[in-house]
Amino acid sequence: MTKSSSSTAPSRKAVAKKTAPNKTAPGERHVRRPKKKAKDGSWTELRDGMRIDWDLPITLPDGTVLRADVYRPNKKGEFPVIMTMGPYGKGLAWQDELYATTWNLFSADHPDAIKDSTNKYQSWETVDPELWVSDDYACVRVDSRGAGRSPGYLDPWSPLETDDFETCIEWAGTRAWSNGKVGLNGISYYGMNQWWVAGRQPKHLAAMCAWEGANDYYREFSRHGGILCTFIKDWYRMQVSSIQHGVGTKGFRSWVHGDTVSGPETLSAKALAKNRCDMHGDILRREMETDWYKDRGPDFAKIKVPLLSAASWGGQGLHPRGNFEGYYQAASKEKWLECHGLEHWTEFYTQYGVALQKRFFAYYLKGEKNGWNKKPRVLLKVRHVGEKFIERGENEWPIQRTKWTRLFLDPAHMSLERKPTAKKAAISYDGMGDGHTFFLPPLKEDTEITGPLAAKLFVSSETTDADLFLVVRLFSADMKEVTFKGTVDPHTPIAQGWLRASHRKLDTKKSKPWRPWHSHDEKQPLKPGSIYELDIEIWPTCIVVPAGYRLALSVRGKDYEYSGEALNLSNFAHPLNGCGPFLHDDPKDRPKKIFGGKVTLHTGPKHPSHLLLPVVPPKSKAKKS
């Protein structure tokens with residue numbers, strides 16, 4: 001059993017306030033070193049036991065030249081490759097001001113994770129090369145087209161970017177220092193684009209580890225249940241456009257070698273804007289799932305490379321769904337699903353996470369017979385109250401012995417009941433308000449909830465549409481809400497789901513009782529006052545609920561809000577107050593005239609509104625039954 005933080009670490013609130021760069025961080029901050037560059041603009045240094053090639057050129061079919069940093073052992077040989085390609089700036093230090101608060105929290109809470117490295121080469125959401133080069137890997141970081149040191153038009157997750165990634169993989173697999181086997185490994189963006197490129201089946205791609213990486217551009221990133229997520233607008237402005245190629249001397253400098261992170265040229269604001277897509281506008285203009293979205297998604301049937309998909313229970317709002325769906329749908333015969341908790345930046349770098357990744361890649365990139373192939377296909381860190389986790393293996397997802405349990409809404413008692421109410425009833429709320437919460441009676445014994453959830457609600461509206469926000473919550477015996485560390489927000493509920501009522505149409509071929517799949521290809525407005533049956537997906541979760549605690553379902557007209565103090569992080573525009581940055585408050589997408597009317601929930605024999613829970617009995621009890 002593991003805990004989330006050291007008892008001697010400073011408080012998270014105190015650490016998070018350090019938004020300025022860490023002045024004592026390893027590395028010579030903003031110091032220019034004399035260097036002799038080759039004709040292609042690259043240069044080589046020997047540092048900390050590594051041979052580092054800075055700004056190596058990768059020429060794309062259209063003539064655009066991307067730039068890559070390569071960290072490899074300072075000796076002759078052919079080494080397996082660990083690669084990332086993305087827009088966050090290969091030369092930007094994690095400790096620099098853009099991500100300073102996350103580094104401060106991580107390094108304070110998990111000193112063991114950083115003790116075996118100088119941490120000079122730490123970069124947001126990528127592996128620490130010092131920990132991998134010492135194990136005879138070559139680490140390759142590529143700035144994607146239009147980002148960092150790579151020129152071109154910035155268009156994240158576009159089909160062209162996937163083309164570029166495929167070219168980079170084949171480039172790395174054919175270098176003299178490469179053994180021809182490339183592994184993809186990284187968090188979030190560096191996990192998401194793995195799903196896209198793996199479907200291309202590059203010759204030299206030998207294994208992929210997508211760590212907390214979404215893959216459904218529409219359902220997980222742009223529009224939850226059809227509702228616009230405003231995360232993209234701030235993320236693109238703060239974390240991507242700020243690193244765009246051409247920011248040059250107006251932006252960051254490498255803490256290691258002093259060159260501009262987003263150079264070498266410095267362009268005007270007008271030129272920069274012309275050279276990047278309007279990401280938020282592109283999504284705002286496309287409410288339905290058009291080919292534009294589908295072109296920015298994976299072909300799971302063509303993903304056949306060995307796969308480790310690592311999800312986070314706390315990733316509500318962006319990441320967990322893609323890792324579960326990727327594992328479930330990918331055609332790979334050799335695939336594993338791992339599920340953990342804590343923040344977005346934690347387990348990837350802990351000794352647990354690094355050991356897991358290295359064992360996987362050693363098996364597929366080095367050919368080591370280390371028993372990886374004998375590990376259970378599903379590796380769970382089962383979550384308990386207090387951020388405690390117990391490791392357990394399973395053979396499939398969803399877990400086969402799951403007892404799918406329906407809990408029916410009872411407006412008369414504001415409760416969740418084992419049986420539907422005998423009489424019809426209804427309860428209304430403001431379509432953009434706090435809604436209502438229905439409670440399960442205190443549990444008589446510890447109960448594990450692990451897996452995907454769903455709800456079926458019968459709803460009417462005063463207007464032609466309604467946005468429903470579903471929140472599964474946990475309360476202690478004294479009725480205090482229990483929250484958990486999310487990927488970025490320290491106070492997240494157990495699980496969340498969303499649906500715009502006019503998007504209720506289901507794809508019956510893809511839908512499962514535990515995971516309804518909405519087609520999002522046809523808008524079906526409501527007739528005011530008429531009752532409609534809505535099947536709502538709630539993203540997977542895991543929690544062992546202690547005896548005496550109570551589960552609850554909130555049906556709301558807006559995002560969940562934590563009642564305590566919010567957290568501020570340097571890489572997000574707004575305080576994190578329960579949903580992190582994954583909010584749904586764009587007035588253009590949710591005009592009050594349409595979504596502000598009264599919404600009514602209907603129950604009873606003809607309208608059995610309910611929540612579907614994945615109750616997982618212990619293996620011993622399952623065998624006996």
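Some points to look at:
- For segment 129-146, the criterion of being under 27 Å from Thr249 (Cβ atoms) and surrounded by fewer than 21 Cβ atoms within 10 Å (Cβ to Cβ) is met by no residue.
- Residues that are in contact with an Asp or Glu (Cβ under 9 Å, 6 or more places away or on another chain), open to solvent by 10 Å² or more (accessible area, probe 1.4 Å) and not charged (D, E, K, R) within segment 218-235 comprise Gly225, Thr230, listed in sequence order.
- From the list Trp397, Trp404, the one residue that fits, being farther than 30 Å from Met83 by Cα, in contact with a Leu (Cβ under 7 Å, 6 or more places away or on another chain), of a type in the set (Phe, Trp, Tyr) and open to solvent by 10 Å² or more (accessible area, probe 1.4 Å), is Trp404.
- In segment 174-188, the residues that are open to solvent by less than 10 Å² (accessible area, probe 1.4 Å) and either within 18 Å of Arg200 (Cβ to Cβ) or free of Cβ contacts under 8 Å to residues at least 60 places away in the same chain (or both): Val182, Gly183, Leu184, Asn185, Gly186
- Close pairs from segment 363-379: first part of a helix (DSSP H, G or I), partner small (Gly, Ala, Ser) and buried (at least 18 other Cβ atoms within 10 Å of the Cβ), Cβ under 9 Å, at least 6 apart: Tyr363/Ala207; Tyr364/Gly183; Tyr364/Ala206; Tyr364/Ala207; Leu365/Gly183; Leu365/Ala206; Leu365/Ala207; Trp372/Ala362
- Cβ separations smaller than 7 Å between residues 6+ apart or across chains give no pair from segment 519-546 residues that are on the phi > 0 side of the Ramachandran plot and modelled with pLDDT under 95 to residues that are assigned to a strand (DSSP E or B) and open to solvent by 40 Å² or more (accessible area, probe 1.4 Å).
- Residue in segment 307-355 that is least open to solvent (accessible area, probe 1.4 Å), counting only those that are free of Cβ contacts under 8 Å to residues at least 40 places away in the same chain and out of contact with any helix residue (DSSP H, G or I) (no Cβ under 9 Å at 6 or more places or on another chain): Ala355
- Across segment 410-456, the qualifying residues are those that are touching a residue at least 60 places away in the same chain (Cβ under 8 Å), outside any strand (DSSP E or B) and under 19 Å from Gly548 (Cβ atoms), and the one among them that is most open to solvent (accessible area, probe 1.4 Å) is Lys444.
- Looking only at segment 474-492, and only at residues there that are touching a residue at least 12 places away in the same chain (Cβ under 8 Å) and farther than 17 Å from Glu343 by Cβ, the one that is surrounded by the most Cβ atoms within 10 Å (Cβ to Cβ): Leu474
- Leading residue by the ranking (surrounded by the fewest Cβ atoms within 10 Å (Cβ to Cβ)) among those in segment 493-518 that are without any contact (Cβ under 8 Å) to a residue 60 or more places away in the chain and among the aliphatic types (A, V, I, L, M): Leu506
- Screening Pro87, Pro80, Pro111, Pro73 for residues that are over 23 Å from the mean Cα position of the chain (by Cα) and buried (at least 20 other Cβ atoms within 10 Å of the Cβ) leaves exactly one candidate, Pro80.
- When Leu470 is tested against the conditions (1) within 32 Å of the chain's Cα centre (by Cα); (2) surrounded by fewer than 18 Cβ atoms within 10 Å (Cβ to Cβ), the lone failure is (2).
The values are calculated or read from the model by the stated rules, or taken from the named source; none is laboratory data. Remember, it's a predicted structure, so these values are computed and weren't measured experimentally. Note that we place each Cβ from the backbone using ideal geometry, even for glycine, and neighbour counts take in every protein chain shown. Each accessible area value is taken on the protein alone, full model and side chains, heavy atoms only, with ligands, DNA and RNA left out. Shrake-Rupley method; radii C 1.70, N 1.55, O 1.52, S 1.80 Å.
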